[in-house]
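Notes follow the structure.
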């Protein structure tokens, strides 16, 4: 015994339209979110949260930072979770050396501010800017193009995964 169904063309058309409408709304909810933030961007975003924090000799917390205490704190607090050595001199001993023209966001930049070798560190932001803690301004954005920093630049290191 055969059973026959009769479906009108109009019902088929409406069924197709309904299926298309449902799929238009369902697709956006089934896609996975994709992150496009780099490790360097993540580190610099964390670093910027502390703009205005005062300088404190030997400081390693948001109550007050010195230069290497700041970079150490930011790298550890960021999603990168990297433990840096305590001093700028020791931070300069790790990572991969980077030419100035190849700097990327999140690289560590080093300076000789006391005439005795590496004595200051900051975090490169891009466009020849870096963020660091100075005695006069606390955590602030600096230009590597200024005469002061240009004359004292020693080098840069990359410690972040690429």
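Brief remarks on what is shown
- Condition met for residue 155 (out of contact with any helix residue (DSSP H, G or I) (no Cβ under 6 Å at 6 or more places or on another chain), outside any helix (DSSP H, G or I), within 19 Å of residue 46 (Cβ to Cβ) and touching a residue at least 40 places away in the same chain (Cβ under 8 Å)): no
- A single member of 117, 122, 69 is touching a strand residue (DSSP E or B) at 6+ places or on another chain (Cβ under 9 Å), surrounded by fewer than 21 Cβ atoms within 10 Å (Cβ to Cβ) and either outside any loop (DSSP other than H, G, I, E, B) or free of Cβ contacts under 8 Å to residues at least 40 places away in the same chain (or both), and it is 117.
- So residue 77, is it loosely packed, with under 14 Cβ neighbours inside 10 Å and farther than 21 Å from residue 137 by Cα: no
- Test for residue 47: is it at pLDDT below 95, in contact with a helix residue (DSSP H, G or I) (Cβ under 9 Å, 6 or more places away or on another chain) and surrounded by 13 or more Cβ atoms within 10 Å (Cβ to Cβ): no
- For the range 125-151, the set of residues classified as surrounded by fewer than 12 Cβ atoms within 10 Å (Cβ to Cβ) and either touching a helix residue (DSSP H, G or I) at 6+ places or on another chain (Cβ under 6 Å) or on the phi > 0 side of the Ramachandran plot (or both) consists of 127 only.
- Any hit, the range 81-104, residues being under 16 Å from the mean Cα position of the chain (by Cα), part of a loop (DSSP other than H, G, I, E, B) and within 11 Å of residue 156 (Cβ to Cβ): yes
The values are calculated or read from the model by the stated rules, or taken from the named source; none is laboratory data. Worth saying up front: this structure is predicted, and the values here are computed from it rather than measured. All Cβ positions, glycine included, derive from the backbone under ideal geometry; neighbour counts span all protein chains shown.
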